[in-house]
Amino acid sequence: MIGEHNICAVVAGRDARAMRRQLEGALVARSRVIELRLDWLGNEREMGRFLRALAPHLGPSRPARRATLIATCRRVVAGGNFRGSIASQLAYLAEAVRAGCEWYDLEIESIRPCPRELLDALLGEGRRLASAHFFHGMPRDLRAVYRELRRTRSAAVKLAARCDSLADGRRLLSLARRKPNVVAIPMGDVVLPLRVLALREGSALSYAPVETPTAPGQVSLEEMKNLYRAERLNRRTGVYGIVGHPVAHSLSPAMQNAAFETSRINSVYVRFPVRDLDDFVRAIVPMGIRGFSVTLPHKQAILRHLDGCDRLAASIGAVNTVVVRGGGRLYGYNTDYVGVLRALGPRLPLRGARVLILGAGGAARAVAFALTWAGAFVSICARRANRGRQLAQAVRGEAIERAGIRRRFFDVIVNSTPVGMYPQVSDSPLEARDLNCRLVFDTIYRPRATKLLEIAARRGIGTVSGLEMFVAQGAAQFEIWTGRRAPVQVMRRAALRGLAGPFRSS
């Protein structure tokens, strides 16, 4: 067995120095299994240099002895970078085994033409992980591939395939749940959450790069270990997540996972980059999902999948929070309105205030209803004029055109559109001359200071970041899901750390 459901840190550098640096990083992170992607080295000279340096690194007193090392030299035909012959590939793997690697990964394309006696003679001291990779989609007969790998009499087998749906990813992982010594790797952005949940589902390993992604949809080693705590997940772990597209920018995983850990709740919160909402809904019960957040563009579309809905959410016509009840029944809520009131309430009297809201989507609806309930008069300006008029009518407000904004004065202007959100951080929905108001509130929180807020600040207008609304609505979600009081300060600190750290698109 390679290990008891471990994260495998992937070391992939273009030269020996980069490989050594990443190896040290994996060891500092206390990785128990490390893959050395020899085929990523720029040329065979660098490969030889790294392998010569590896043996002393694995000496009896070295910390690398505490990790299980897997040598991989994947050929181009199998999706790797090594352009040499099979004979050269086997020679480098044999050298890696002699240097101290306990395991080697050999793809089925290289195993097929090789007599078993040759592999035993060259690599008999190492344990083989027989692998098959499908970068263009799921194989027609997954079980046939599995049976072929098993016939190689390898110590363990690995199947990696691009999955275009959560259903494909679950089918791949089901092999690992039913069979011992199987590594199942769903590839692709759609199944990104299954990378995190693979160990929970029974895969012997889940791969995570130290620095360089080597396959589509990988989650970094730092996130796997520290954000998702993937090695600590088990079949009793509750699964929550954020559903939308895009979701890579979301700070919800940082905030909610910090809350779960502080509250000692065995749950994990992951990103679900969902285009096909039906595919996600079908995955809820099989994946053991207990609740989820909903963001663009699904806040209104999710309504048709619900078995019930909170009265306030029904009035708003948009849901951002769903609880999964017995039998897979879905019940919807909207906590955005809580965030709006907590963000603006302390800053000015809302009763009688005149508020301009930009946008007419799910977030705008929550803002409009929240402020109307608080006694404000709401004006709506939307790119789609018909939707703007409908929302204005629903809250007994008014719809105004873009050109009319600069001739009016408002107590508050609220941006509820995605204009200005990462990565289009230089965009703003309004110009300086449009901001005739006391306060500007941008519901976007990445970046914390949007272009719109910067323009307002330069004019001496008060500003409110979307972070205030984000933390408040997230705390309300946590309380709905768990029935416990949210650790709000812990959640706020986690969100701020996420904003301060580097953004990852994966």
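Structure notes:
- Conditions (1) under 30 Å from ALA500 (Cα atoms); (2) at pLDDT below 95; (3) in a loop (DSSP other than H, G, I, E, B); number of the one not met by ALA363: (3)
- Condition broken by SER379, with the remaining ones in (1) assigned to a loop (DSSP other than H, G, I, E, B); (2) touching an Asp or Glu at 6+ places or on another chain (Cβ under 6 Å); (3) at negative phi; (4) among the small types (Gly, Ala, Ser) satisfied: (1)
- Of all the residues in segment 49-69, those that are among the hydrophobic types (A, V, I, L, M, F, W, C) and at pLDDT below 60 number 1.
- Some residue of segment 131-149 being in a strand (DSSP E or B) and of a type in the set (D, E, K, R): no
- Flag if ALA314 is surrounded by 15 or more Cβ atoms within 10 Å (Cβ to Cβ) and either within 18 Å of GLU468 (Cβ to Cβ) or charged (D, E, K, R) (or both): no
- Extreme residue, farthest from ASN226 (Cα to Cα), among residues of segment 181-199 that are without any contact (Cβ under 8 Å) to a residue 40 or more places away in the chain and part of a loop (DSSP other than H, G, I, E, B): GLY188
- Strands (runs of 3 or more DSSP E) lying entirely in segment 16-128 (those with 1 or more residues that are buried (at least 22 other Cβ atoms within 10 Å of the Cβ), β-branched (Val, Ile, Thr) and not assigned by TED's automatic domain parsing to the domain that holds LYS158): none
- Where strands (runs of 3 or more DSSP E) fall wholly inside segment 271-347, the ranges with 3 or more residues that are more than 19 Å from the chain's Cα centre (by Cα) are 321-325, 329-333.
- Test: residue in segment 402-413 that is under 29 Å from LEU496 (Cβ atoms) and either in the same structural domain as ALA495 (by TED's automatic domain parsing) or of a type in the set (A, V, I, L, M) (or both): yes
- Flag for ARG140 being touching a residue at least 24 places away in the same chain (Cβ under 8 Å), of a type in the set (Lys, Arg) and either within 22 Å of TYR92 (Cβ to Cβ) or not assigned by TED's automatic domain parsing to the domain that holds VAL247 (or both): no
- Just one residue in the set LEU221, LEU199 is assigned by TED's automatic domain parsing to the domain that holds SER31 and either touching a helix residue (DSSP H, G or I) at 6+ places or on another chain (Cβ under 6 Å) or surrounded by fewer than 22 Cβ atoms within 10 Å (Cβ to Cβ) (or both); that residue is LEU199.
- Filtering segment 445-463 to residues that are within 24 Å of PRO349 (Cα to Cα), surrounded by 22 or more Cβ atoms within 10 Å (Cβ to Cβ) and at pLDDT 95 or above leaves LEU452, LEU453, ALA456.
- Odd one out for ARG458 among (1) touching a residue at least 60 places away in the same chain (Cβ under 8 Å); (2) farther than 29 Å from HIS298 by Cβ: (1)
- Residue selected from segment 256-270 under the condition in a helix (DSSP H, G or I) and among the polar types (S, T, N, Q), by the criterion farthest from PRO487 (Cα to Cα): ASN257
- Pairs with Cβ under 6 Å, 6+ apart, first in segment 16-28 and more than 14 Å from ALA53 (Cα to Cα), second assigned to a helix (DSSP H, G or I) and not hydrophobic (A, V, I, L, M, F, W, C): LEU27/PRO63
- Candidates LEU296, LEU312, LEU391, filtered to the one that is modelled with pLDDT of 95 or more and either touching a helix residue (DSSP H, G or I) at 6+ places or on another chain (Cβ under 9 Å) or within 23 Å of LEU192 (Cα to Cα) (or both): LEU391
- Members of segment 215-224 that are part of a loop (DSSP other than H, G, I, E, B) and either charged (D, E, K, R) or farther than 19 Å from ALA29 by Cα (or both): ALA215, PRO216, GLY217
- Selection count, segment 384-430, where residues are touching a residue at least 40 places away in the same chain (Cβ under 8 Å) and of a type in the set (D, E, K, R): 2
The values are calculated or read from the model by the stated rules, or taken from the named source; none is laboratory data. Note that the structure is predicted; figures quoted are calculated from it, not measured. Virtual Cβ from ideal backbone geometry, glycine too; neighbours counted across all protein chains shown.
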